[in-house]
Amino acid sequence: MLRDVKYAVRQLRKSPGFTATVVLTLAIGIGANVAMFSFMDAIVLRPLAVPDLNRVMTVDEEQGRGNYKLVSLGNYEDWKQQNRSFEDLAVYRMYEMSLTGSGDAARVVGAATSVNLFSVLRAQPLMGRGFDSSQMQPGNDNVALLNYGFWQQHFGGSAGILGQKIELDGRSYTVTGVMPKGVQYPSTADVFVPLAPTAAQRNDRRDHSYNVVGRLRPGVTVKRAQAEMAGIAEQLAKAWPATNQGWTVHVEALLEGINGPFTNLYMRMITGATLLVLLVVCANIANLQFARGIAQRPEIAMRTALGAGRGRLLRQLLMENILLGLAGAAGGLLVAQMDLHFNLAKMPERVARYMAGWSHISINSHVLAYSLLLALAGGMAAGLLPALGAVRVNLTDQLKAGSRTASGSRSTHRLRNIFAAAQIALAVALVIGAALMTKGTQAIVHGGDRYDPKQVLTFAVHLPAERYGSAEKLAAWYDDSLGKLRALPGVKHAEIANTLPWGDYGWMDDMRIENRVVVPGKFQSAIHLMASPGYFEALHIPIAAGRGFNSGDGRTTAPVAVVSQAFVKRYFPNENPLGHRIRMGAASGRDDPWVTIVGVSGDLAFEWGDQTADPAVALDAEQMPPTGTRFVVVTSGNPLALAGAARKAVASVDPAVPLDAMQTYEQLMGDSFCGLFYSSSMLSVDAGIALLLAAIGIFGVMANLVAERMREIGLRLAVGAQRADVLRMILRKAAGLAGVGLGIGLVLAAGLARLVANLLVGVRPNDPVVFGGISAAIAAVALLASWMPARHAAGVDPMEALRDE
């Protein structure tokens with residue numbers, strides 16, 4: 001084998017052009033796959049450095065069919081005591097907090113966790129220590145753990161942070177530890193503090209605002225755990241019918257919850273497309289190998305005549321392909337590293353923080369093993385059939401004295417044609433899939449144009465409860481801040497709202513309608529929106545009936561609400577909703593007031609994945625000011641040019657209130673669609689590579705065809721054939737290959753189009769413009785790639801071609 005390696009190296013050195021072309025082509029195919037696998041490995045397969053991650057579950061409460069909710073603490077306590085499926089259950093609750101006393105005030109996300117959360121995850125702090133049971137008591141919970149990224153960003157990664165005090169919402173906490181980089185869970189959490197509920201909170205079954213995770217016992221399946229937890233939920237519904245009737249439990253792998261409904265699908269789709277690119281690469285290289293094998297046949301014939309067996313020759317040729325594959329893998333690692341560096345640099349930090357696993361995307365041991373597998377598979381796949389064809393020589397034909405040329409057999413030509421057609425077919429499928437996905441993405445992005453997002457500056461705030469503990473203080477701060485923003489030059493509107501359509505996720509809340517009997521187990525819900533009076537006008541949302549909020553709606557007047565048309569269609573299909581009263585938060589334990597419906601607005605769409613408008617209820621933020629909200633500043637010019645002045649205006653009211661990153665509404669939407677943009681661009685890159693390689697492949701086939709038929713072409717010209725006839729002959733052959741490839745590719749594209757249509761709302765799986773336009777374009781590319789070999793054939797000098805005869 002060592003002799004085979006040395007001989008293979010010498011042979012490849014003798015053909016530097018061939019070797020460089022194959023290695024570069026393989027590097028592109030393997031590099032794209034290695035980069036994609038790096039993302040898959042870190043984001044989908046192993047987003048958390050948690051042992052036996054497949055045994056870690058999330059446990060949610062389920063209301064109705066598929067309507068998952070957070071958990072009440074009282075139910076969690078019973079689950080923990082009664083279940084036998086889980087080794088342990090842990091609970092946490094998310095908060096928005098203000099970090100002060102350490103430079104500029106900053107808005108951070110906190111997670112109040114039970115003492116056992118990190119033991120359930122089998123995670124230990126990178127530095128310091130975690131929480132203990134004594135710190136789970138009210139008044140003794142002033143300690144904090146820092147997320148790795150937050151520690152790096154705000155404290156420079158200093159080891160001296162341990163024992164230091166930080167101020168969160170005006171309260172002092174001692175930092176006891178830092179969590180490792182590989183445990184970014186919950187992914188949005190910057191700071192962890194102990195969950196220290198009061199006795200009343202521990203027994204509360206109405207407040208559904210807690211998250212529960214658990215680790216299954218060895219041998220327990222998800223199905224078995226689901227059945228047991230559903231049984232416990234039935235018992236609790238009988239024991240506590242007022243709060244638990246109609247509620248059950250949903251057990252799901254933590255990995256599925258982290259990835260969400262789209263990430264896994266998109267990643268697998270792009271991985272599949274990238275593997276198709278590798279197949280195109282292998283087909284391209286196989287055609288190169290066929291051409292090289294024809295040139296090597298005299299040598300192989302001589303070695304066969306001297307006693308070499310076919311197995312020995314085949315091993316030798318495959319060794320060359322393995323070396324080419326390994327060299328391509330080495331180049332592919334460089335390509336993958338550049339790809340990762342570019343994508344990591346391009347991803348906004350505000351988006352990356354929500355993606356568990358993003359921070360540890362790298363070329364690791366799993367990726368290296370995957371690249372080695374691709375190298376061996378790619379080398380063997382590209383070289384096996386050409387090698388088999390090369391060793392099947394006819395000694396008489398190859399060694400006879402008059403044989404001065406070598407040409408491929410009919411089977412070799414057929415295989416080369418098959419590979420060329422296969423490249424075109426795969427390119428057609430990928431390009432059509434990429435075009436449909438790009439078209440669907442653009443349609444989704446522009447779905448928010450109705451709100452004129454390019455002219456809106458937006459940022460979020462959180463007001464610390466210690467200093468803004470009453471509705472009067474909250475309302476005064478909002479009034480002052482909005483007044484200063486409205487006074488800035490170029491500002492047309494300055495409003496507040498807890499969520500924005502098409503850029504944020506709507507908060508689905510339970511509600512009651514006055515004088516309607518609530519059937520046990522039947523729940524009513526709607527998007528809970530808190531907005532200032534000018535919100536609808538600022539975002540061009542029409543008022544279809546009644547009125548919007550106005551200056552007459554104040555703190556001392558009866559609270560009012562504006563509902564959406566979808567709300568009316570669902571809950572008041574045959575009557576006028578104006579004048580009816582509703583109450584939000586019916587199942588959350590809050591004491592929200594009854595509000596009177598005074599208007600009906602146009603529908604608001606929040607979920608781009610499902611553009612069906614949900615029922616929405618907007619409450620007047622001046623009557624019921626929230627502790628945290630988002631500012632909406634509509635400008636007549638460039639919104640970002642106003643960011644500095646807007647920040648100073650709000651800070652002049654209270655410099656200790658942290659402001660979230662200022663961005664345009666369009667950028668906020670872009671953040672929401674970031675994963676979609678990435679998937680679309682990656683699929684487009686794969687399609688572009690496949691199309692380029694297909695064009696190169698058909699060029700190579702036609703060029704070799706012309707070279708092998710040079711004497712025939714010369715003879716045709718010598719006996720009177722016109723050069724136009726030769727040109728048509730070659731182009732006809734290319735058109736046949738392109739036609740077969742297009743036909744097969746359209747069938748593959750139809751299947752891929754249905755997949756894209758299922759993922760993106762608004763995509764037509766049989767879009768005639770995309771299918772027709774792409775087919776015509778690829779046919780033109782194939783014929784253009786054949787034009788140069790055809791022109792060369794038509795320009796042959798008959799005397800030169802026949803001279804050896």
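The residues listed here are G745, G772, G739; of these, the one that is buried (at least 18 other Cβ atoms within 10 Å of the Cβ) and either among the hydrophobic types (A, V, I, L, M, F, W, C) or modelled with pLDDT of 85 or more (or both) is G745.
For (1) open to solvent by 10 Å² or more (accessible area, probe 1.4 Å); (2) of a type in the set (S, T, Y); (3) within 32 Å of the chain's Cα centre (by Cα), each residue gets a yes or a no:
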| residue | (1), (2), (3) |
| --- | --- |
| F86 | no, no, yes |
| R93 | yes, no, yes |
| A105 | yes, no, yes |
| V108 | no, no, yes |
| V115 | yes, no, no |
| V120 | no, no, yes |
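Restricting A253, A230 to those that are at pLDDT 90 or above, among the small types (G, A, S) and closer than 30 Å to S38 by Cβ reduces the list to A253.
There is at least one residue in the range 483-495 that is in contact (Cβ under 8 Å) with a residue 40 or more places away in the chain, in a helix (DSSP H, G or I) and not acidic (D, E).
Would you confirm whether or not the range 161-172 contains a residue that is basic (K, R), part of a strand (DSSP E or B), farther than 25 Å from M355 by Cβ and at pLDDT 90 or above? First the steps, then the outcome.
The initial filter retains those residues of the range 161-172 that are basic (K, R), namely 165, 171.
Of the ones still in play, those that are also part of a strand (DSSP E or B) are 165, 171.
Checking the rest, the ones that are also farther than 25 Å from M355 by Cβ come to 165, 171.
Imposing the further condition that a residue be at pLDDT 90 or above reduces the set to 165.
Yes: one or more hits.
Of the residues Y148, Y185, the single one that is of a type in the set (F, W, Y), open to solvent by 50 Å² or more (accessible area, probe 1.4 Å) and either within 31 Å of the chain's Cα centre (by Cα) or at pLDDT 90 or above (or both) is Y148.
Just one of K439, K473 is among the basic types (K, R), modelled with pLDDT of 85 or more and under 30 Å from G602 (Cα atoms); which is it? Even if it seems obvious, please write down each step before you answer.
Values: K473 fails: under 30 Å from G602 (Cα atoms).
Criteria check complete, one pass: K439.
From F536, F523, which residue is within 39 Å of the chain's Cα centre (by Cα) and at pLDDT 90 or above? So that I can check it myself, show each step before the final result.
Working: F523 fails: at pLDDT 90 or above.
None of the others qualify; the one that does is F536.
In this structure, T188 qualifies as closer than 21 Å to Y354 by Cα and either among the β-branched types (V, I, T) or free of Cβ contacts under 8 Å to residues at least 60 places away in the same chain (or both). So is A613 at pLDDT below 90, part of a loop (DSSP other than H, G, I, E, B), over 30 Å from V763 (Cα atoms) and among the aliphatic types (A, V, I, L, M) or not? Answer is no for this residue.
Filtering the range 295-310 down to residues that are of a type in the set (D, E, K, R) and modelled with pLDDT of 70 or more, which residue is farthest from Q11 (Cα to Cα)?
The initial filter retains those residues of the range 295-310 that are of a type in the set (D, E, K, R), namely 297, 299, 303, 310.
This time we only want the ones that are modelled with pLDDT of 70 or more, so: 299, 303, 310.
Details: E299: 12, R303: 15, R310: 18 Å.
Per the criteria, the residue is R310.
Considering (1) open to solvent by less than 50 Å² (accessible area, probe 1.4 Å); (2) within 30 Å of S636 (Cβ to Cβ); (3) touching a helix residue (DSSP H, G or I) at 6+ places or on another chain (Cβ under 9 Å), the lone condition that P658 does not fulfil carries the number (3). Of the helices (runs of 4 or more DSSP H) contained entirely in the range 193-258, those carrying at least 3 residues that are touching a Phe, Trp or Tyr at 6+ places or on another chain (Cβ under 7 Å) fall at 222-239.
Which residues, counting only those in the range 553-587, are β-branched (V, I, T), more than 16 Å from S525 (Cα to Cα) and either surrounded by 21 or more Cβ atoms within 10 Å (Cβ to Cβ) or in contact (Cβ under 8 Å) with a residue 24 or more places away in the chain (or both)?
Filtering the range 553-587 down to residues β-branched (V, I, T) leaves 556-557, 560, 562-563, 568, 582.
Applying the additional criterion that residues be more than 16 Å from S525 (Cα to Cα) yields 556-557, 560.
Residues satisfying the conditions are T557, V560.
Here is a list: R723, R716. Which entry is buried (at least 16 other Cβ atoms within 10 Å of the Cβ), in contact with a helix residue (DSSP H, G or I) (Cβ under 7 Å, 6 or more places away or on another chain) and among the basic types (K, R)?
Values: R723 fails: buried (at least 16 other Cβ atoms within 10 Å of the Cβ).
Residue meeting the stated conditions: R716.
Residues in the range 432-449 that are in contact (Cβ under 8 Å) with a residue 24 or more places away in the chain and open to solvent by 10 Å² or more (accessible area, probe 1.4 Å): A435, T438, K439, A443, V445, G447.
Each residue in the range 336-373 was checked for being open to solvent by less than 30 Å² (accessible area, probe 1.4 Å), among the small types (G, A, S) and more than 19 Å from I258 (Cβ to Cβ), and 2 pass.
Residue-wise test of (1) in a helix (DSSP H, G or I); (2) more than 30 Å from E167 (Cα to Cα); (3) of a type in the set (A, V, I, L, M); (4) open to solvent by 10 Å² or more (accessible area, probe 1.4 Å).
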{"site": "T19", "(1), (2), (3), (4)": "yes, yes, no, yes"}
{"site": "V23", "(1), (2), (3), (4)": "yes, yes, yes, yes"}
{"site": "I30", "(1), (2), (3), (4)": "yes, yes, yes, no"}
{"site": "A42", "(1), (2), (3), (4)": "yes, yes, yes, no"}
{"site": "A49", "(1), (2), (3), (4)": "no, no, yes, yes"}
{"site": "E61", "(1), (2), (3), (4)": "no, yes, no, no"}
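Selection over the range 455-485 of residues that are under 15 Å from R107 (Cβ atoms), within 34 Å of the chain's Cα centre (by Cα) and either among the small types (G, A, S) or open to solvent by 10 Å² or more (accessible area, probe 1.4 Å) (or both) gives a count of 2.
The values are calculated or read from the model by the stated rules, or taken from the named source; none is laboratory data. Note that the structure is predicted; figures quoted are calculated from it, not measured. So basically every Cβ, Gly included, is an ideal-geometry build from the backbone, and we count neighbours across all protein chains shown. We work out accessible area using only protein heavy atoms, side chains counted, and drop any ligands, DNA or RNA first. Shrake-Rupley method; radii C 1.70, N 1.55, O 1.52, S 1.80 Å.
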